[in-house]
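The values are calculated or read from the model by the stated rules, or taken from the named source; none is laboratory data. What you see is a predicted model, and the numbers here were worked out from it, not measured in a lab. Using ideal geometry, Cβ is built from the backbone for each residue, glycine included, and neighbour counts are taken over all protein chains shown. Calculation scope for accessible area: heavy atoms of the full protein, side chains included, ligands and nucleic acids excluded. Shrake-Rupley method; radii C 1.70, N 1.55, O 1.52, S 1.80 Å.
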Amino acid sequence: MLGYSKRKTKSYTEYIKMVEQMKITDMQVTAYSAPYEQPISNGKYTYGATEIVVCQVMTDEGVMGTGWVHGGRLVIDTLLSLKERIQGEDPFHVERIWERMYLPKVYGRKGITTRAISCVDIALWDLMGKTAGRPLRQLLGGYADRIPAYIAGGYYEDSKDHKGLQEEMRRNVASGARAVKMKIGAASLQEDLERIDAVREAIGKDVKLLVDANNAYNRLDALKMGRELDRRGIFWFEEPLSPDDLEGCAELRRKLDTPIAIGENEYTRWGFKQIIDSDAAQILNADAQVLGGITEWKKVADLAMASHILVAPHGDQEIHSHLVSAVPNGLIAEYYDNNTNALLKKMFSSPIKLGEDGSISAPQGPGIGVNIEYGQIEKYQVFSSAGKEAQAALC
């Protein structure tokens with residue numbers, strides 16, 4: 001269903017009545033795991049596969065919303081436990097549904113539970129957009145038509161030496177990228193500086209270079225690296241320290257010229273308020289697929305805007321391009337290619353394309369505006385709540 005303008009079988013009055021009476025009837029969960037050709041590593045973690053959990057929220061009017069997050073079995077089990085919390089609710093009542101799902105005493109305050117809440121909440125916003133016949137970015141504010149993006153990559157791989165890293169970055173620039181990101185923190189400071197210099201040589205001086213340590217450094221090494229980044233004109237220094245060391249990040253912010261970007265491992269408006277109150281970053285990498293969904297992400301973006309802080313979300317471009325486009329303090333969107341998301345090439349019918357100027361547009365269809373090609377990714381399916389595997393998960 002694509003909004004009243006697309007429906008010819010109901011009058012406007014009947015359509016409004018239908019929307020007002022719409023109720024959630026069911027939620028289905030499927031999960032996929034697609035291995036990389038070889039594992040990829042950042043400053044602290046190694047990944048062997050792309051793992052995605054999809055939830056589909058159904059209503060009595062036949063409208064369905066789809067959300068997805070990254071994760072495995074723990075996310076699946078939590079989503080299944082949330083199902084009873086949303087059945088019978090009006091899907092437009094996202095604030096009430098969020099409060100029904102957010103039960104710290106039962107589920108915990110942050111982490112896997114918040115990731116599962118994110119999945120449901122994203123599906124609800126997709127459903128609302130489809131009902132209204134409007135793209136998500138317009139429902140949230142519709143600030144920009146096109147936004148800058150950076151290609152995320154530069155992972156450590158066993159077969160990737162400096163030459164291989166340079167080849168990757170040259171491909172990114174050739175595809176239109178005007179900003180690229182690479183990983184640091186798993187090698188010595190000297191070796192990582194050599195990798196950074198190799199990338200700069202490959203991309204030239206006009207392409208923005210972002211570096212991401214994924215929480216790998218202690219305070220001393222982060223400061224040493226940060227001073228070297230200052231000399232090299234790096235666009236931002238992402239997650240230099242533990243996500244719990246806000247005091248250390250605030251110190252780096254005071255001592256370095258390179259902006260500090262953190263937040264992909266933070267949750268809820270309350271967690272981000274602590275970052276803002278600590279003056280720990282100039283840029284927030286708030287991820288709607290992690291922190292509690294789109295309902296919560298908008299609160300974070302508004303808190304940041306009130307404190308003159310920019311938002312540059314971590315996470316899938318199909319969702320976050322809408323969010324960056326919706327707010328005045330949206331800085332840049334993260335863009336993944338098939339090297340960092342093993343499902344990307346087959347998952348969507350119309351994947352987002354990077355423009356020659358390095359910009360992207362959010363999908364134009366109603367809701368999130370992308371269709372998941374379930375038939376194309378079926379061979380990677382590891383769980384379905386409609387199948388036998390669901391019974392095992394509930395035991």
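Quick check: net charge around residue 202, other residues with Cβ under 15 Å of its Cβ, Lys/Arg +1 and Asp/Glu -1? Intermediate results must be reported in sequence, preceding the final value.
On the way: positive: 160, 163, 170, 171, 178, 181, 195, 200, 205, 208, 232; negative: 161, 167, 168, 194, 197, 201, 206.
Computed value for this residue: +4.
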Original post:
Among 120, 300, 173, whose mean-square fluctuation peaks in a Gaussian network model of the chain (Cα, cutoff 10 Å)?
Top reply: 173
Original post:
Based on DSSP H runs of at least 4 residues, each adding -39500 (n - 2.57), what is the mean residue ellipticity at 222 nm of the chain after dividing by all its residues, to the nearest 500 deg cm²/dmol?
Top reply: -12000 deg cm²/dmol
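Per the 1.4 Å probe, what fraction of the accessible area of the chain, in percent, lies on carbon and sulfur atoms? Each step should come with its number before you reach the end.
On the way: 8040 of 16950 Å².
Looking at the chain in its full context, I get 47 percent from C and S.
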**OP:** With Rg/Rh (Cα atoms, Kirkwood Rh) in mind, check (1) 1.55; (2) 0.95; (3) 0.97 and report the label derived from this structure.
**Re:** (3)
Subject >> Leading residue at positive end of dipole, the chain (Cβ point charges), from 175, 350, 250 >> reply: 350
**OP:** Express the accessible area of the chain per residue in Å², computed with a 1.4 Å probe while the remaining protein chains stay in the model.
**Re:** 43
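Which of the residue pairs 208/298; 44/181; 44/299; 110/273; 353/379 have a Cα-Cα distance greater than 21 Å in the structure shown? The partial results should precede the final answer.
On the way: 208/298 27 Å; 44/181 16 Å; 44/299 30 Å; 110/273 14 Å; 353/379 25 Å.
As for pairs spanning more than 21 Å Cα to Cα, those are 208/298; 44/299; 353/379.
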Original post:
So what does log10 I(q)/I(0) come out to for segment 101-159 at q = 0.12, 0.17, 0.19, 0.23 Å⁻¹, using the Debye formula with one equal point on every Cα and no solvent?
Top reply: -0.57, -0.84, -0.88, -0.92
